[in-house]
Structure formats: structure tokens, C-alpha cells
Amino acid sequence: MPKTLIYTLSLSPSPTQLLKLLSNYLHALKETGDSNVFLSNKALSNLRNLPNIIATKSDPGGDKSAALEQIKQRISEAESISSLRDTLVFSSGSPHSRIMFVGEAPGEEEEKKQEPFVGPAGKLLTKIIQTMGMRREETYISNIVKFRPRIDGESQGSANRKPTKQEMQNFLPFLLDEIKIVKPELIFALGGTAMTGLLGIESSVNSARGRIHNFRKHSVIVTYHPSFLLRSGSNSDKRKLWEDILMGMDHLSIPVSDKQRNYFK
Ligand code: URA
């Protein structure tokens, strides 16, 4: 093993630094004429897991799960808002993730399972995360509003409505506390409600997407909500969302393969 690699390893490099080193090492091998490297099954499986490792940060000290549990408790003890239904749907995923997804509010499926993004839009979100090379559990997933907005009438069935401004404002302090605890390095605001609820931007998603916003020292990318993609079915919209995701992966130095870069082109 080259000396610099041993030296840097002894300094406990982060997974991102390690990946850079590995990439430099492989490029150096290539330049000296090597075109094949032998990888054991173990090494291959470790490499395959690298995006997940890179998506997660270590958390020396502080019990994030307990702190999040307290927020959940505070929400359930807060005065209920009669315009919302009664089942609390809190966040899911890893409190150690570098990536946080924020959606609008739970729907019927989410309410049944008490977990965000488990209905059709959630299935698409899971696919997007897997296409990034990660597992859903390695990211942190939350919503602006933690109860399903109520629609008056006998039975709401599968009908949903967007949360009102007041409902969003009531829940913003909780979401900000979640952000303070998780400290994600990148937040994806999915759709117009997440964009307005979190960033206060009232324009169209189209005009806010495609760049990184700075919000209280956190990087935020606004992109389409998966439900919008399910409705639109347009390849060009899928590509735009994917470009936002690629921008996020580049921002976090998560490796992107040529195959990943070219999806939906
Ligand atoms: N849409 C959202 O915005 N959030 C969910 O949890 C489910 C669907």
C-alpha cells in the first residue's frame, strides 16, 4: 500500500476522503497501465455500501433519537388543531443522516401506518432514494405538517387537501427543532408546500428548483413532489427532479456513476 494512503488512514479519514483516496489510487494504477483490479466479495460489498456510509454521519455524544422522541411527545401533547385529523405521523429514517426529505403532510396510507411517505408518492420517493444508491432508512424523512389535513364530511376516504398557511406555521417550530437535532447537510424540500412552509418562498417550484438555497446555514434544494411526477408522468419533469437529486449528491460528494448521471436523458 502506498505510504500516503497508510499515513492518511492512520488519521481516520472520513468516508468521503477515503473515497477520494481510493479514486486517486485507482486512477494512478490506470495511468501505469493497469486496467483490472481484483476485488474480494467483501470489498465489493463494502464499496456497494459506500453511498450509505457517506450519507450517514457519526454522532459523537448526544442522543438524537431521544431528542426526536421528545419533539414527538411535545407534538402529541400540544393543543390539537381541529382542522387536522387526530393521528400523529412523525418522521422516519436515520437521525444521523446527512440528507433530509421534507414533504407536505401525511395522506391516507401514512395515517394508517403512522409513517410518512408510504403511499404511492412514498413508493416513488423510495425508488428515487434507491436510485441514488441508498436505502430509505439511511435518510431522514419528515413533513411540514404532522397530521393529515381534515376534510369535513362523513368520511374523508382517500381525499387529501393541502395544509393551510396557519397549519404550516403551527408546525414549523417542530420541524425547525428536528432540523436542529438531525443537522442534515442537505434538505430536499419536496413540492410547493414544503418550499413555502420551510423557506417562505411563494413562487413556483419551477423557479426555485435547480439551485441550492441557504436556509439558516443549511443547504436546501427545492424540487418536485413525487405526487406531481406521478400525475405528470412526463420524462422531462422526471429528468428535472433527477438533476436536482444529482446536484444534491454532488454537493455531498456522493459518488455518481455514468449510468446514474444519464437517467431520464
Ligand atoms: N405526501 C407527503 O407530502 N407526505 C407524505 O408523508 C405522503 C405523501
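Okay, here's what the table says:
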read-out: Residue among I201, I187, I212 with the largest mean-square fluctuation in a Gaussian network model of the chain, springs linking Cα atoms under 10 Å; value: I201
read-out: Gaussian network model of the chain, Cα within-10 Å springs - most flexible of M100, M195, M249; value: M249
read-out: Accessible-area ranking of S253, S35, largest first, probe 1.4 Å; value: S35, S253
read-out: With DNA, RNA and ligands ignored, accessible area of L29 (1.4 Å probe; Å², nearest 10); value: 40
read-out: Accessible heavy-atom area order of R98, R216, R148, highest first, probe of 1.4 Å; value: R216, R98, R148
read-out: Acute angle (nearest 10 degrees) that the helix 15-31 long axis makes with the longest principal axis of the chain, alpha-carbon atoms; value: 40
read-out: Loop GluC sites (Glu not before Pro), the range 125-220 (other Cβ atoms within 10 Å of the site Cβ: 10 or fewer; DSSP); value: E154, E202
read-out: Within the accessible area of the chain (1.4 Å probe), percent carbon and sulfur; value: 52
read-out: Candidates N41, N235, N160, ranked by Gaussian network fluctuation over the chain, Cα under 10 Å, top entry; value: N41
read-out: Dipole-positive endmost among L175, A208, N262 within the range 170-265 (Cβ charges, Cα centre); value: N262
read-out: Nonlocal amide H pairs with G119, under 5 Å, H built at 1.01 Å; value: E110
read-out: Computed accessible area, Y263, all protein chains, 1.4 angstrom probe, square angstrom; value: 70
read-out: In degrees, nearest ten, helix 165-182 long axis to first principal axis of the chain (Cα); value: 30
read-out: Student exercise, the chain dipole from Lys, Arg, Asp, Glu Cβ charges, in Debye to nearest 20; value: 720
read-out: D63, D152, D237, reordered so the largest accessible area comes first (probe 1.4 Å); value: D152, D63, D237
read-out: Rounded accessible area per residue of the chain, 1.4 Å, Å²; value: 54
read-out: Kirkwood hydrodynamic radius (C-alpha pairs) into Stokes-Einstein, the range 110-212, 20 °C and 1.002 mPa s, D in µm²/s; value: 140
read-out: Rule-of-thumb Rg ratio for the chain [Cα; 2.2 N^0.38 Å; N residues]; value: 1.12
read-out: Degrees, to the nearest 10: 235-251 long Cα axis against longest axis of the chain; value: 60
read-out: With DNA, RNA and ligands ignored, accessible area of V118 (1.4 Å probe; Å², nearest 10); value: 20
read-out: Listed residue (I141, A66, M247) projecting farthest to the positive dipole end of the chain, Cβ model; value: M247
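The values are calculated or read from the model by the stated rules, or taken from the named source; none is laboratory data. Only a predicted model underlies this, so the values are computations on that prediction, with no experimental measurement involved. Note that we place each Cβ from the backbone using ideal geometry, even for glycine, and neighbour counts take in every protein chain shown. With ligands, DNA and RNA removed, areas are computed over all heavy atoms of the protein, side chains included. Shrake-Rupley method; radii C 1.70, N 1.55, O 1.52, S 1.80 Å.
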